[in-house]
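The values are calculated or read from the model by the stated rules, or taken from the named source; none is laboratory data. All values derive from a computational prediction rather than experimental measurement. Cβ placement follows ideal geometry from the backbone for every residue including glycine, while neighbour counts extend to all protein chains displayed.
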Amino acid sequence: MSDAFEVLAPEIGTARLSLRQLSLDDAPAIHAYASDPDVARFTLWPAHPDEDFTRKFLANLTHPTVLSWAIVWRESAEVVGMVFFHSLHRRHGRAELAFNLARRFWKRGIATEAATAVLDFAFRLVELNRVEATCMSDNLGSRRVLEKLGMTHEGVMRQSHRRHDGFHDMDLFSLLRDEHRTRTNPGDGNPPRTSNKERNPR
Ligand SMILES: CC(C)(COP(=O)(O)OP(=O)(O)OC[C@H]1O[C@@H](n2cnc3c(N)ncnc32)[C@H](O)[C@@H]1OP(=O)(O)O)[C@@H](O)C(=O)NCCC(=O)NCCS
């Protein structure tokens with residue numbers, strides 16, 4: 001059983017995005033893309049069959065045990081996806097990150113931009129020590145986003161998740177608070193990094 005977050009998702013602005021609390025009113029926009037079989041190819045949920053399904057999906061994601069943001073493409077004010085933390089274990093300082101986007105917005109750096117912003121928030125204000133993320137082993141897009149976030153691949157959880165078509169292997173990634181701090185503020189209490197060239201001058 002995961003814990004409830006004690007904070008609400010605040011509005012966060014990034015270069016191209018506005019992240020704001022996900023709401024049941026987002027059902028039409030979320031349904032429009034979550035009903036796409038390509039979007040659901042590597043997710044644990046099926047392509048949404050109707051808007052009622054999307055409303056129930058959103059009811060779970062707007063519960064206090066989930067910290068969720070709608071990703072709004074600022075230029076057009078469209079909701080193009082979502083990013084959220086779930087499975088919070090306060091005692092262990094740990095939660096899981098997840099995201100999904102409308103297909104026509106893929107490969108523009110949006111998931112990376114949104115997830116970077118919410119990770120900053122979570123490590124600063126939710127007092128997490130470890131953020132985990134999982135993806136199906138053949139979900140190359142998600143895997144690449146997690147690598148770009150600086151997360152470490154810990155291994156494969158064999159057949160750890162089941163969905164309508166059977167059991168799936170899931171890759172497990174994690175980012176620790178100290179790693180995030182070093183990444184976002186390289187001079188923070190750590191010896192400066194030296195390149196091989198500096199260590200072995202010729
Ligand atoms: C996974 C997903 C969120 C990625 O979002 P995105 O905004 O396209 O990702 P980004 O543009 O930030 O991409 C980051 C990197 O991944 C690469 N990438 C993105 N999609 C890719 C794909 N399908 N195959 C290979 N690489 C991919 C990008 O080229 C970029 O790499 P680069 O900077 O080295 O060029 C999006 O494809 C999606 O919503 N998929 C469906 C839902 C889903 O699978 N969610 C994750 C469940 S765990």
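Below are the figures for this structure:
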read-out	value
Selection within region 25-62 - farther than 16 Å from ALA102 by Cβ, without any contact (Cβ under 8 Å) to a residue 24 or more places away in the chain and assigned to a loop (DSSP other than H, G, I, E, B)	PRO49, ASP50
Cβ-Cβ under 6 Å pairs, at least 6 apart or on other chains, region 71-87 side on the phi > 0 side of the Ramachandran plot and polar (S, T, N, Q), far side outside any strand (DSSP E or B) and modelled with pLDDT under 95	SER87/SER2
Residue pairs meeting the criteria (Cβ under 9 Å; at least 6 apart or on separate chains; first farther than 20 Å from HIS180 by Cβ, in region 100-119; second among the aromatic types (Phe, Trp, Tyr) and more than 6 Å from the ligand (Cβ to nearest atom))	ASN100/TYR33; LEU101/TYR33; ALA102/TYR33; ARG103/TYR33; ARG104/TYR33; PHE105/TYR33; PHE105/TRP73; ILE110/TRP73
Residue count, region 67-99 (criterion: within 8 Å of the ligand (Cβ to nearest atom) and closer than 17 Å to ARG143 by Cα)	2
Selection within region 119-138 - surrounded by 18 or more Cβ atoms within 10 Å (Cβ to Cβ), within 16 Å of the ligand (Cβ to nearest atom) and not in a strand (DSSP E or B)	LEU119
Residues that are among the aromatic types (Phe, Trp, Tyr) and either within 11 Å of the ligand (Cβ to nearest atom) or in contact with a strand residue (DSSP E or B) (Cβ under 8 Å, 6 or more places away or on another chain) (or both), drawn from region 38-62	PHE42, TRP45
Unique match (being among the small types (Gly, Ala, Ser), within 13 Å of the ligand (Cβ to nearest atom) and surrounded by 12 or more Cβ atoms within 10 Å (Cβ to Cβ)) among SER23, SER35, SER18, SER2	SER35
Any chance LEU22 is farther than 18 Å from LYS148 by Cα and touching a residue at least 24 places away in the same chain (Cβ under 8 Å)	yes
Where a residue in region 134-151 is modelled with pLDDT of 95 or more and its partner, wherever it lies, is exposed (fewer than 14 other Cβ atoms within 10 Å of the Cβ) and among the hydroxyl-bearing types (Ser, Thr, Tyr), with Cβ under 9 Å and at least six apart	THR134/SER160
Residue, farthest from the ligand (Cβ to nearest atom), within region 100-118, restricted to residues that are in a helix (DSSP H, G or I) and either closer than 15 Å to VAL39 by Cβ or among the charged types (D, E, K, R) (or both)	ARG104
Filter result for GLU147 (out of contact with any Leu (no Cβ under 6 Å at 6 or more places or on another chain), at negative phi, part of a loop (DSSP other than H, G, I, E, B) and of a type in the set (D, E, K, R))	no
Residues that are in contact with a Leu (Cβ under 6 Å, 6 or more places away or on another chain) and either not in a strand (DSSP E or B) or not hydrophobic (A, V, I, L, M, F, W, C) (or both), drawn from region 80-95	GLY81, GLY93
